[in-house]
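**Q** Once you've had a glance at the structure underneath, I'll fire off some questions.
The values are calculated or read from the model by the stated rules, or taken from the named source; none is laboratory data. It should be emphasised that the depicted structure is a prediction, and the values quoted were computed from it without experimental measurement. Every residue, glycine among them, receives a Cβ derived from its backbone with ideal geometry; neighbour counts consider all protein chains shown.
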Protein chains: 2
Amino acid sequence: MAPETADSCWGHAEMTYCCGILVRDGLVMIADTRTNAGLDNISVFRKLHVFTKPGERIMAVASAGNLALTQSVLSLLNEGLENPETGERETLINAPTMFQAAQRLGRAIRLLARTEGSALQAADVKFDLSFLFGGQIKGDRLRLFMMYSAGNFIECTRDTPYLQIGEHKYGKPVLDRAIGHETDLYDALKVGLISFDSTMRSNLSVGMPLDVLVVRRDDCAAELSHRIEPDEPYFQDLRQRWSMALRAAHTSIPRPPYRQDG
Amino acid sequence: MAPETADSCWGHAEMTYCCGILVRDGLVMIADTRTNAGLDNISVFRKLHVFTKPGERIMAVASAGNLALTQSVLSLLNEGLENPETGERETLINAPTMFQAAQRLGRAIRLLARTEGSALQAADVKFDLSFLFGGQIKGDRLRLFMMYSAGNFIECTRDTPYLQIGEHKYGKPVLDRAIGHETDLYDALKVGLISFDSTMRSNLSVGMPLDVLVVRRDDCAAELSHRIEPDEPYFQDLRQRWSMALRAAHTSIPRPPYRQDG
């Protein structure tokens, strides 16, 4: 029953919950900050990284999995991946489109898998990471991707306008019920925070503070980039109201009328 | 991302969600009935098995994991495990206490692991099963246990008056919030059904019909043993009311007041 990624030999793992929500008016990304190298070694690390030249482009990466790996992928991308054909050093910030930026993120993951994979395998540690990658480049669409540890990725579509990585199960039911393409941008943020509340109540490996990013479609800039601290009044109020509403909700449902069969 | 237990070479797996709730007035056990050998081969199998001599004893086993394994464990126990010291064939139905019955279940799991383990390992199939085991023998307490695939087990206590096996995460938040030791027995059943609703909405591998058992403390008999079919009016109504109440709940929470930092 031990968490597979909490291998203290390999430093901090991100048990993590991150979600990205892509609605008509924009993009919301939320990430927790808890990492652990065993249950007795818990720290705060930022997992939501924003790259922006306001008005021109904004990109955000949220990460889950082994912290050493996810940080290395971002460091590789910051230094740039050499394109063997053009000689160019390719980064996120000079990518011409969001799709090509996602491909570069995938290439960085695969490069790291080649250099680190066998050492990890020898130590019986899984090459375990995933990313949400969202944003917009001027002239391109606002897009949201989920990257797998094989470097492949899927894109968020209208049918299911959210993607999750990490501890996604606890917080999925409320997203399934409440989020649609037409959902207001700040309602999407609110429902995302409720999804985090459910996750943090049930799973200690996901914890405050939370980092949130809101990007309005076609702004190519952050409308909101904010860290929610544990004592933050709105979030405390949201948690209390949600708890009370759930209590009222199940209280209002009649008890089962079942009688013994036959 | 493929479900580990959906190995069609090895027949049906129980992706399953089962929960047991032990409150002041009694015990509730709920199990789904979906099994799958790959996503293209889905069947209905009963996973909640009740053994009773009303007024004397009632025991119920809910199972998750590889169906071939969980069925074999129950068949072993029905035939009885020979006690090398007394020569007695030990079953659930002749166990003197619930604790000793749980030990017998554990012995059956370990016996199966010895006979099946190496063949499974050779086929790269995990020895994957778990049980909830609850009930009461006259003169003994009403108890609820969770059995692991190693044959060891834990017991439900007042602090967290429920146990889950299988796809437990989606349905855990509502249990965490709504169930306490003092919760009414049929409210516990109701909240358990809400927990199943959340799970079935998010995970196709858990499905109707549901089997439920309600045992009132010291009755040593089933007060309710019932199968909830998909078209059953109360459960449909519960699902609709819960959906509407959740919608109202998140609508009633104000939108986040956050403004851009700095």
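**Q** Give me the strands (runs of 3 or more DSSP E) completely within the range A:12-86, filtered to those with at least 1 residues that are in contact with a helix residue (DSSP H, G or I) (Cβ under 7 Å, 6 or more places away or on another chain), ordered by residue number.
**A** Where strands (runs of 3 or more DSSP E) fall fully within the range A:12-86 and carry at least 1 residues being in contact with a helix residue (DSSP H, G or I) (Cβ under 7 Å, 6 or more places away or on another chain), they are A:17-23, A:26-31, A:34-36, A:48-53, A:57-66.
**Q** Report, by residue number, each residue of the range A:40-78 that is of a type in the set (D, E, K, R) and surrounded by 22 or more Cβ atoms within 10 Å (Cβ to Cβ).
**A** A:K47, A:R57
**Q** Sticking with this one: Just the residues that are within 7 Å of chain B (Cβ to nearest Cβ) and out of contact with any Lys or Arg (no Cβ under 7 Å at 6 or more places or on another chain), please, taken from the range A:194-212.
**A** A:I194, A:S198, A:R201
**Q** Among the residues that make up the range B:185-192, is at least one of them of a type in the set (G, A, S), more than 7 Å from chain A (Cβ to nearest Cβ), more than 27 Å from A:D237 (Cβ to Cβ) and in contact with a Ser or Thr (Cβ under 8 Å, 6 or more places away or on another chain)?
**A** Scanning the range B:185-192 turns up no residue that is of a type in the set (G, A, S), more than 7 Å from chain A (Cβ to nearest Cβ), more than 27 Å from A:D237 (Cβ to Cβ) and in contact with a Ser or Thr (Cβ under 8 Å, 6 or more places away or on another chain).
**Q** Quick one: how many residues across the range A:225-252 are of a type in the set (A, V, I, L, M, F, W, C) and facing chain B (nearest Cβ under 7 Å)?
**A** Residues flagged as of a type in the set (A, V, I, L, M, F, W, C) and facing chain B (nearest Cβ under 7 Å) within the range A:225-252 amount to 5.
**Q** Scan the range B:88-145 residue by residue and report those that are under 17 Å from B:L48 (Cα atoms) and touching a residue at least 60 places away in the same chain (Cβ under 8 Å).
**A** Passing the criteria: B:L129, B:S130, B:F131, B:L132, B:F133, B:G134, B:G135, B:Q136, B:R143, B:L144.
**Q** Any idea which of A:G207, A:G171, A:G166 is modelled with pLDDT under 95 and on the phi > 0 side of the Ramachandran plot?
**A** Every option except A:G166 fails the conditions.
**Q** Exactly one of these conditions fails for A:R255: (1) more than 11 Å from every other protein chain (Cβ to nearest Cβ); (2) touching a helix residue (DSSP H, G or I) at 6+ places or on another chain (Cβ under 6 Å). Give me its number.
**A** Going through the list (1) more than 11 Å from every other protein chain (Cβ to nearest Cβ); (2) touching a helix residue (DSSP H, G or I) at 6+ places or on another chain (Cβ under 6 Å), A:R255 breaks only (1).
**Q** Taking the criterion of being among the β-branched types (V, I, T), surrounded by 14 or more Cβ atoms within 10 Å (Cβ to Cβ) and not in a helix (DSSP H, G or I), would at least one residue in the range A:93-105 satisfy it?
**A** The answer is yes, given that some residue of the range A:93-105 is among the β-branched types (V, I, T), surrounded by 14 or more Cβ atoms within 10 Å (Cβ to Cβ) and not in a helix (DSSP H, G or I).
**Q** Quick check on my filter: what residues within the range A:23-44 are at pLDDT below 90 and not aliphatic (A, V, I, L, M)?
**A** The answer is A:R34, A:T35, A:N36, A:G38, A:D40, A:N41, A:S43.
**Q** So which residues in the range A:134-173 are under 16 Å from the mean Cα position of the chain (by Cα), of a type in the set (A, V, I, L, M, F, W, C) and either crowded, with 18+ Cβ neighbours inside 10 Å or away from chain B (no Cβ under 14 Å) (or both)?
**A** A:L144, A:F145, A:M146, A:M147, A:F153, A:C156, A:L163, A:I165
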